[in-house]
Amino acid sequence: MSESIDTIRADLWEKMRGGKSGREAFAATHLSANIAAQIQTIREQRGWTKKELAERAGIFPSRISVMEDPSYEKYALTTLRRLASTFDVALITRFIPFSELVDWVADLSPEKMGTEPFERDHLLQQNTERVDR
């Protein structure tokens, strides 16, 4: 890890030690901001407008704007699954220790926010190359 990531990680971990309510607030804020940023990043990677994403997902364009707002907190799992299907990616929800959240946030980058659709997945490419040999 780079020195700046170590510093960020140490600072975040110190905040986690401040109390349960602080940890809960941090996790909630990160969750909302992370989902919003990922939706926007993946949409932009695909070159889609909000309207195009909405049409592909079968939802109203105004919902895309709301879901890309980092302060929005009322995501429905069914809607997130619909977006994952539209993006042709997997959606994972799981419970993790705060240390894992700290590690994720400390090393967060624009590249980690986006993802490739299935047809450009690196494992698909590796397996295709292996079969072609």
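Report yes if residue 39 is exposed (fewer than 11 other Cβ atoms within 10 Å of the Cβ) and closer than 27 Å to residue 5 by Cα, otherwise no. Quick ask: steps written out before the conclusion?
Details: exposed (fewer than 11 other Cβ atoms within 10 Å of the Cβ): no; closer than 27 Å to residue 5 by Cα: yes.
For residue 39, the condition - exposed (fewer than 11 other Cβ atoms within 10 Å of the Cβ) and closer than 27 Å to residue 5 by Cα - is not met.
Scan region 86-105 and tell me whether some residue there is surrounded by 12 or more Cβ atoms within 10 Å (Cβ to Cβ), in contact with a His (Cβ under 7 Å, 6 or more places away or on another chain) and at negative phi. Break it down into steps so the answer makes sense when it comes.
Taking region 86-105 and keeping what is surrounded by 12 or more Cβ atoms within 10 Å (Cβ to Cβ), we get 86-89, 91, 98-99, 101-105.
Remaining after also requiring in contact with a His (Cβ under 7 Å, 6 or more places away or on another chain): 101, 105.
In the following step, the residues that additionally are at negative phi were identified as 101, 105.
Checked region 86-105: at least one residue is surrounded by 12 or more Cβ atoms within 10 Å (Cβ to Cβ), in contact with a His (Cβ under 7 Å, 6 or more places away or on another chain) and at negative phi.
Do any helices (runs of 4 or more DSSP H) lying entirely in region 1-63 carry at least 2 residues that are under 19 Å from residue 108 (Cβ atoms), and which ones are they? It would help to see each step written out before you state the result.
On the way: elements: 3-16, 20-45, 50-57.
Where helices (runs of 4 or more DSSP H) fall fully within region 1-63 and carry at least 2 residues being under 19 Å from residue 108 (Cβ atoms), they are 3-16, 20-45.
What residue, of 74, 20, is over 29 Å from residue 117 (Cβ atoms), free of Cβ contacts under 8 Å to residues at least 12 places away in the same chain and surrounded by fewer than 16 Cβ atoms within 10 Å (Cβ to Cβ)? Reasoning before the result, please.
Numbers: 74 fails: over 29 Å from residue 117 (Cβ atoms).
One residue alone meets the criteria, 20.
So is residue 60 surrounded by fewer than 16 Cβ atoms within 10 Å (Cβ to Cβ) and farther than 30 Å from residue 8 by Cβ or not?
On the way: surrounded by fewer than 16 Cβ atoms within 10 Å (Cβ to Cβ): yes; farther than 30 Å from residue 8 by Cβ: yes.
Judged against the criteria, residue 60 is a match.
Take region 23-36 and flag every residue that is open to solvent by less than 70 Å² (accessible area, probe 1.4 Å) and either of a type outside the set (A, V, I, L, M) or touching a residue at least 12 places away in the same chain (Cβ under 8 Å) (or both).
23, 26, 27, 28, 30, 32, 33, 34, 35, 36
The values are calculated or read from the model by the stated rules, or taken from the named source; none is laboratory data. What you see is a predicted model, and the numbers here were worked out from it, not measured in a lab. All Cβ positions, even for glycine, are placed from backbone atoms using ideal geometry, and neighbour counts span all protein chains on display. Quick note on the areas: whole protein, heavy atoms, side chains included, nothing else; ligands and nucleic acids left out. Shrake-Rupley method; radii C 1.70, N 1.55, O 1.52, S 1.80 Å.
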